[in-house]
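Structure first, then comments.
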Amino acid sequence: MSATRSQELFARACNVIPGGVNSPVRACRNVHCDPLFIASAQGAHLLTADGRNMIDFVGSWGPMLLGHAYPEVTLAVREAALRGTSYGAPCEDEVRLAEEVCAALPSVEMVRMVNSGTEATMSALRLARGVTGRDKVIKFIGGYHGHGDAFLASAGSGLATFSIPGTPGVPESTVRDTLLAPYNDLDSVRALFENNPGQVAALFVEPVAGNMGLLLPQPGFLQGLRDLCTLHGALLIFDEVITGFRLSYAGAQGRFDIMPDLTTFGKIIGGGLPVGAYGGRAAFMERIAPQGDVYQAGTLSGNPLAMAAGLATLSVLRHSDYSALERRVDAFVAELESILRGKGVPVQIPHIASMFTVYFTDAPLRDFSCVQAANTDLFESFYKQMREKNIFLAPSAFEANMVSFAHSDEDFEAALDAARSVCF
């Protein structure tokens with residue numbers, strides 16, 4: 001059988017790109033497939049290099065909440081490009097986007113634009129250390145906050161996918177100050193604070209875990225973190241790179257009514273273009289250079305194309321019916337879980353807003369150890385069969401799937417029909 005166009009491209013890529021991909025999970029190795037190369041995308045659909053029209057439940061790993069090539073966003077980018085693609089100097093749109101983010105989230109009084117979620121979390125950690133004069137940071141086992149050195153201790157996402165416990169190249173001294181707790185375990189967090197008195201600068205958390213697969217915070221967990229950080233003088237930092245503007249227009253913090261000290265953003269606020277941001281109380285953010293003494297910089301920060309795309313995206317989302325989309329996702333997930341359970345396999349599909357993950361287990365889902373115990377062989381079989389039916393899911397048991405406003409009832413039904421044909 002002759003190779004497909006995707007296979008040909010992947011073979012060429014492997015000669016010039018490590019592993020043939022520019023981000024590890026795209027390689028599809030843990031599901032033992034070659035990656036599909038994408039030629040174009042529109043709405044909730046992808047067109048592969050092989051000419052296959054697929055329903056997309058990845059959404060570029062989160063930012064495409066409006067769907068691909070949304071007309072207002074595409075027009076904004078096109079018009080911005082005609083004015084120049086990069087200035088290395090301020091532009092009006094970065095002020096407008098910063099104003100929009102601050103208006104949307106009550107905890108954010110000032111915001112600094114950067115170029116990725118990883119850059120946002122690295123910068124927020126540096127700021128927290130500068131503000132507190134402390135070095136240690138608490139994160140959760142399986143939580144992924146980008147590939148900054150300090151965050152690669154027991155991280156989720158691609159590290160979990162490839163069973164890499166950390167990574168060569170990160171000195172032991174760098175992660176020595178990273179303290180680990182199980183997600184949803186307040187007692188463990190309390191013990192870390194008590195065993196490291198006056199040493200913890202910040203606690204990082206995805207308020208809804210999305211990078212160990214989707215896990216929901218148990219009642220009282222987020223408020224408990226807020227209380228512990230306040231008690232011990234540490235900054236509570238919400239990593240809303242995925243949840244920001246997706247769980248609600250005010251993010252997870254608006255949905256759960258919890259005020260972090262700092263928040264990191266990415267994904268949606270660039271409308272699909274490379275972007276990140278971090279923000280919070282003015283008293284903290286004013287420590288950032290040039291106003292303060294904590295240095296952080298970036299030539300492409302506030303890039304006019306990304307700012308235009310983000311503004312266009314948020315201007316639509318501001319008036320979008322999040323509740324209606326969530327009701328549709330609730331119904332879709334309930335039917336999908338019913339179909340799979342009817343095939344005699346253990347399965348749970350935790351979901352919130354427009355995110356969901358399929359776990360093949362009947363055990364309670366509380367933290368990363370629960371996720372790791374799920375049946376990845378069943379997941380691989382499910383993923384492959386759904387892909388054969390042109391349903392594009394996240395190619396890892398440790399990632400969340402994303403639904404967009406562009407998904408139609410016909411798209412949902414096609415995905416359910418594909419699930420009905422799955423055999424285990």
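The values are calculated or read from the model by the stated rules, or taken from the named source; none is laboratory data. This is a predicted model, so every value here is computed, not measured. A quick note on method: Cβ atoms are made from the backbone with ideal geometry, for glycine too, and the neighbour counts reach across all protein chains shown. Surface accessibility is based on the protein's heavy atoms, side chains included, excluding ligands, DNA and RNA. Shrake-Rupley method; radii C 1.70, N 1.55, O 1.52, S 1.80 Å.
Inclusion of residue 137 among residues that are among the hydrophobic types (A, V, I, L, M, F, W, C), in a helix (DSSP H, G or I) and either open to solvent by 10 Å² or more (accessible area, probe 1.4 Å) or touching a Ser or Thr at 6+ places or on another chain (Cβ under 7 Å) (or both) is not warranted. Quick one: would you say residue 73 is part of a helix (DSSP H, G or I), touching a Ser or Thr at 6+ places or on another chain (Cβ under 7 Å), within 29 Å of residue 211 (Cα to Cα) and aliphatic (A, V, I, L, M)? Here the answer is yes, as residue 73 does meet what is asked. Scanning region 311-352 for residues that are polar (S, T, N, Q) and without any contact (Cβ under 8 Å) to a residue 60 or more places away in the chain yields 323, 338, 348.
Conditions tested, residue by residue: (1) charged (D, E, K, R); (2) open to solvent by less than 10 Å² (accessible area, probe 1.4 Å); (3) modelled with pLDDT under 95.
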position: 25; (1), (2), (3): no, no, yes
position: 32; (1), (2), (3): no, no, yes
position: 47; (1), (2), (3): no, no, no
position: 55; (1), (2), (3): no, no, no
position: 67; (1), (2), (3): no, yes, no
position: 92; (1), (2), (3): yes, no, no
position: 104; (1), (2), (3): no, no, no
position: 113; (1), (2), (3): no, no, no
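Can you tell me which residue in region 143-156 is modelled with the lowest pLDDT, limited to those that are in a loop (DSSP other than H, G, I, E, B) and in contact with a Ser or Thr (Cβ under 7 Å, 6 or more places away or on another chain)? Walk me through it before giving the result.
As a first pass, look at region 143-156 and keep what is in a loop (DSSP other than H, G, I, E, B): 143-148, 152-156.
The next check asks that each one be in contact with a Ser or Thr (Cβ under 7 Å, 6 or more places away or on another chain); those that pass are 144-148, 152-153.
Values: 144: 88, 145: 88, 146: 84, 147: 79, 148: 77, 152: 76, 153: 68.
Selected residue: 153.
Might you check whether a residue that is over 21 Å from residue 203 (Cα atoms) and touching a residue at least 40 places away in the same chain (Cβ under 8 Å) occurs anywhere in region 115-132? Full working, then the answer.
To start, the set of residues in region 115-132 that are over 21 Å from residue 203 (Cα atoms) comprises 115.
Narrowing further to those that are touching a residue at least 40 places away in the same chain (Cβ under 8 Å): 115.
Among the residues of region 115-132, at least one is over 21 Å from residue 203 (Cα atoms) and touching a residue at least 40 places away in the same chain (Cβ under 8 Å), which makes the answer yes.
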